[in-house]
Structure formats: C-alpha cells, structure tokens
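Below you'll find the structure, written out as structure tokens, and then a few comments.
The values are calculated or read from the model by the stated rules, or taken from the named source; none is laboratory data. Since the structure is predicted, the reported quantities are computational estimates derived from the model, not experimental observations. Methodologically, a virtual Cβ is constructed for each residue, glycine included, from the backbone with ideal geometry; neighbour enumeration extends over all protein chains shown.
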Amino acid sequence: MELREVCGKWGIPKVAEVLEGEGITSLYPPQEEAVRKGVMEGRNLVLAVPTAGGKTLVAELCMLRSILADGGKALYIVPLRALASEKHEEFRRRYGPLGVKVGISTGDFDTADTRLARYDLLVATSEKVDSLLRHRAKWLADVVSVVVLDEVHLINDPGRGPTLEVLTARLRQVNPGVQVLALSATVRNAEELAEWLGAELVRSDWRPVPLRKGVFWRGEIVFEDGGRREVGEGEALTALTLDTLREGGQVLIFVNTRKSAQTAASSLSEKVAPLLGEGERRELGEVARRVEEALGEPTRTCRELARCVRAGTAFHHAGLHHDQRRAVEDAFRGNLLKVVCATPTLAAGMNLPARRVVVRDYRRYSETFGSTLIPVLEVQQMMGRAGRPRYDRYGEAVLVARSEGEVEVLMEEYVRGEPERLVSKLGTEPALRTHVLACVASGYASTLGDVLGFMGGTFFSHQFEVRAAEGVVERVLDFLEEEGMVRREGERLTATPFGELVSRLYIDPLSGVVLRRGLGGISKGEPTPLGLLHLICSTPDMEKLYLGRGEEAELEALVEERWKEFLLPVPEDPEDFEFFLAEVKTARMLESWAEEVHEERIHEEFGVGAGDIRRMVETAVWLLHAAHELSRLLKVRRALTPLRKLGERVRYGVREELLELVQLSGVGRVRARNLWRAGYRRLEDIRRATAEQLASVPTIGPETARSLKRQVEGGTAQR
C-alpha cells in the first residue's frame, strides 16, 4: 500500500511529502493491516508489533489526520521523560513545517496548565496526564481526539502501571469519543487488552529487518532455527563484539549492574580503539569533551566515560547525567560509537537499534528476593533492539550461556519463550490510595458506588471483575476518612481541604500524613535543613538510599548528635530504626548537595551517580514544595521561609548566598561559586562588570560572559 495513496485519501497529502523525503514511500504489512481495520477512520487499535515494525508511524498518521484534516488535537503518552524528549523533537522536526504545533510536558503536577491546550500534538508522561485529569483540564475532554499509549506493556509494572491504567480509564470516561491507540512490541495477552479498550488488534511478528535469535557458548552462536555461526574463541563479549565490527555493525550489550556496564565498556575499549578511523577519532574526541564537562565539576565516572568514548565504546545507565546519556545515544545513532554497554533501562522504548544485541546477564539482584531471573518480556524488549532499518540486512540477538547445560535452558526460556501476560497492578492499597483520593477530590466520584463504577472501567476489573476491588477500595476510604482527607455524610463522599491539597500536589496520601505529622511538631524556632530533609525522606514518595556495610555506626552517631533537629520521633524498634537510618542517609546526601559538596565526594560517600542525584533532587524539590503548601494550609508559619529557601538550595545545589546568581541561565553551582569568589556576588556586580572581566573567571569564558551581560542588562535573569 503506497503512503501517498493513504495520505491522499485521508486529506493529509503533505504528510506523505514529508515522509517521502525521509525515504518512507509505502506501508509495512502491519501498517496496511491497521489501515484495513479502520484505524484511519477513528477505530481504537492495539498494535503489538516488533521494534522497528512501524508502530509509531501508524500513530503519527492517525494524529495528523485528526489535526490537519479534522481540526482535532492529539495526546502522545510515554512512560519516561527521556522518551518524551526524543518523540517531541522527532515530531517537531518532521511536522512543525506543516504548521503542527508540537509541545511537551513532563512536570509541574500541581497546575491545570491551560497553556498546553494551544498545542496540536502534546507529548507527555503518564504522571503529567494523570495530574491534568485531577485538575479537570477541560481541553482533554473537549478537543483531544486521539490518544496514543506508547509502551503500553508497562501497565504490567507495579510502579508505573496503575497510573497508566487509571488515566486511560479516566480519559475514556471524560472523552468517550476519543480514539485510543495502544502500542507495544511484546504483549502476550494482546486480545485481552484490545477487549478492554474496545479496540481492533493488529498482532504481527513481521520486521523490516529479519531477526535471528540464539545462544552463545564457546565461540559459537546456536540459533533457534538450528543454524550455527562460528564467532571465535575468547571472552564472550570480546569475541561477539569483534565479530560484529568486522562486518561494519554495532553492538548493544545488556548487563545487570552499572559497575558491570562500566567494566565491560572499559575492557572492550582497548579492542575497539584500533579499528577507528581518523575522522571518527576526531568526532569522538568532541563527544568525550561534552560528557566530561557535563557536570561542570568532572567526576571519576565522567572521566572514565570520556576515556571509553574516545575509544569508540560507552556505558549507559541511570547514574549518568541526562546530557551524558543523550550524548552517548546520539553518537551511537550516528555510528560513531561502536559499542554501548547498558543496563536494561535503555531497552524501555528508546530508539537505539544495533546490528547485534548481546544479553550477557539474565539474572539480577533484588533486596527482597535475592538473585532472580529477569522476566521474558524484559529480555525480549532488549533483543528487539537488534537490526538497524536501512543499515542492516538482518539483526542478531544473542544470550550468553555460562555452561553447556544453560544453552538449551536459555533457548527454551527466552529465545522461544512467551513473554509474561500483562496483569493489572491496580488492586493494592498503595496503588489505590492516591487514585481513590483523586477520584473524590477531583469531583469524579461522590459515593462509594461512583468509585466502584469508575473501577469497572479499568483493566483490573476487566481481568478480575470489580467485586475483587471492593474490599480494598473500602479499606482505602476508611484510611482517607481516618486521616481527615475524605468526609462521609451518609453515602456522600467529599474531600476535605487537606485531601484536596494532597491530591492536587500529586503526592501519596501517606506522604501527606507524614508531612502533616512532622510539620505539626514545629513549635518553636526555625526547623533546620537536616530536619526538613529527613521529613521529606520519610515519605513513600522519596526513593531511599541503601545502607552499606558498616554505615550504621556512623549514622547512629549522627542521629545521637543531632537528634533535636528531627521532626519525627526516632523509632525504638530495631527494624524501624534501620529504615530510619536509610532515611537519614538520604537526607544527608541531599544536605551535602545543598552545601556544595563536590559531586565526586558525594558519589564516594553515598554511592550515587550524577543521574541519581538529579533524580532525587527533583523529587526532593517537589516534596519540599508540597511541605510548603501544606504548611500554608496548616498555618505552620515558622516553616514557610525555611522550606522555600531550602527548596531553591536543593534545586541548584548551592548555599543560600548563591541563590541570586543561579537565577542566571547557564550558571550552575560551579560557575556561581567561581563568580562569587571573583567578587561578583549580586546581579548588580555582573551588570557593572565588562564581558572581558567576566570571561576571565574560571569556567565562564567569552560566550557565557556575553550571555550573562545580555541577561542582566535585558532583565531576563529569572530562569
């Protein structure tokens, strides 16, 4: 089926011109099937097609038909911010010239953000859309005509799944005519998902680049079809990498820990570097400079990554700064980097195909269960990255066996195995607490019957029937009533001001209870940064750092020394006290960040990377904002100024005296401190200085100096 024919029929001929310019002239078989099943006529669709099989293009055609031909709007929902950025840039580059206004929204959960309604195509995370629904953003019901659920298999994830499920059910409730497209590469029970959504199903194993899957053992790959390929003796990753590179391919290697990713990339760099051309070395040198300077204060990890990049390899994991991860991804897409060693987070939707994917580790460690097998669905997501359209005639996905006996086990379990069924994770108290409160606080439900009626539209009820959730919903409502968030008057349910604020702030109701308890303990004097940071680290919304061996004694001494600063009582129960120490460790890490401790030292002392710090900082800033707003409601005035200042300090990682300087775009904690040391302590000092004087300050330079002058002279210093 020709693309020009489809676009012409549905009133979007210019879209065909754009796509033809990128070499897309006809539809793949699964795309043709989607068109035949009425997706361009507004039918709901579940598209279960392998990676690179054209799922996103089907969504694009539906969204653009709605926007350009019908004057509608589209919402593209993704699980990760990095994926949102990738899709936003791709859609804007392609369709911005056609007049399509493409926007992105991934944060600020306590506002309806009416400005978002001006976009024709909005890319957003699940949490952002859920937040907008809580604020009853009217445009979601009135003008959005197409909703795309990318990576819909994450409905199976205990963390993200309930939010994705609830927002889907809510969108269909407030906007019954909306077209829903659910996209995934691996869905075993796709029929069940399609039934829930009232959707047509397109399931296909077709790929534009054929995929061969197999198991490596002792210098040879054994493929599922019985074929074999001699790779060469030696260490598995080295042999598989060099074999791929000899044919001009690239390798994506999945391992189970960050340390393993770094070790593997470093080891392979010695083998890969001699194969690089002079031009590649020059370009990789520039990429290496960017990753080394991304933090402003390079750490050992920055230097190690830069060294690997110069040699044509890289590691990729959540501990890296997002700019570093982005640089690695771009260099790999551009065929500059030949090998990337990654933890499984890279497999979650990022468009990063390779000639050969190697899954070395199929077990991972869990605090709760110890060493466990990685789910088949996850491994197949990794394997699906093999094969680069327009570059490779085939792709290979290879698992590495550690013994001869494992070869057949891996073949049956992962290569030929079926991915796990998607099962709703909504029916638990932690998952339902926040969503039941949101139902009542947002005015979607005013009785228990209303709440259960909404539950009837969820995937959970489709799988288990709504009766299975009744007991949990009633327990959650009892909790919300006891904690003063929901009021019952006969059968009628209403949210209290406390409940409304907690829901609007997009925090777990249990976090609201913890914050209220801690803030209520402020009776005299101002709370200290450690006390406030420990308070937010005591909430379920805050990720906790693990206690390392031998850390208890040091943290116990800290608690004994500074016990008066804590706003919550120190527990006596040994198990509770251990959790308390983990909270204190997390609070101390954030305090160190706000005290401008060098990132290298934070990494060594707390075992966190740049990406971890920024992820936890983002959560901490949000919880400090929530605590500030709750302090207003509860009239805890002593906490307002300390919370506001601490929130800004944590946001930028600076002491209080630098808060004015970090309002300048391009000035982070390192540059701000350098300016301060050079005598530029206020915006007025910068206004009086010349660009040449500013450029002489370490880490500033001529370009940044000119930018600073423009900002202070143009009055645009608030970022």
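Before moving on, here are some points about what is shown:
- Qualifying residue in the range 195-204 (condition: farther than 13 Å from ILE77 by Cβ, over 23 Å from the mean Cα position of the chain (by Cα), at pLDDT 95 or above and polar (S, T, N, Q)): no
- Residues (part of a helix (DSSP H, G or I), of a type in the set (Val, Ile, Thr) and within 26 Å of TYR506 (Cβ to Cβ)) located in the range 536-584: ILE536, VAL584
- Residue pairs whose Cβ atoms lie under 8 Å apart, separated by 6 or more positions or on different chains, with the first residue in the range 374-391 and farther than 16 Å from VAL251 by Cα and the second in a helix (DSSP H, G or I) and among the aliphatic types (A, V, I, L, M), are GLU378/ALA347.
- Residue, surrounded by the fewest Cβ atoms within 10 Å (Cβ to Cβ), within the range 112-129, restricted to residues that are at pLDDT 90 or above and not aliphatic (A, V, I, L, M): ARG118
- Considering only residues in the range 343-393 that are basic (Lys, Arg) and buried (at least 22 other Cβ atoms within 10 Å of the Cβ), the one that is modelled with the lowest pLDDT turns out to be ARG385.
Results for (1) assigned to a loop (DSSP other than H, G, I, E, B); (2) within 27 Å of ARG355 (Cβ to Cβ), shown as yes or no for each residue.
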| position | (1), (2) |
| --- | --- |
| GLY8 | no, no |
| GLU22 | yes, yes |
| PRO30 | no, yes |
| GLU33 | no, no |
| MET40 | no, no |
| ARG43 | yes, no |
| THR51 | yes, yes |
| THR56 | no, yes |
| LEU61 | no, no |
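- Exclusive hit being on the phi > 0 side of the Ramachandran plot and either not assigned by TED's automatic domain parsing to the domain that holds THR619 or not aromatic (Phe, Trp, Tyr) (or both), set GLY518, GLY490: GLY490
- Residues being assigned to a helix (DSSP H, G or I), farther than 20 Å from LEU167 by Cα and not aliphatic (A, V, I, L, M) - total across the range 63-86: 5
- When residues in the range 639-683 are screened for being buried (at least 18 other Cβ atoms within 10 Å of the Cβ) and not in a helix (DSSP H, G or I), 6 of them pass.
- Scanning the range 684-709 for residues that are outside any loop (DSSP other than H, G, I, E, B) and of a type in the set (S, T, N, Q) turns up GLN693, THR704, SER707.
- All conditions in (1) in a loop (DSSP other than H, G, I, E, B); (2) within 30 Å of the chain's Cα centre (by Cα); (3) without any contact (Cβ under 8 Å) to a residue 40 or more places away in the chain hold for TYR506, with the sole exception of (3).
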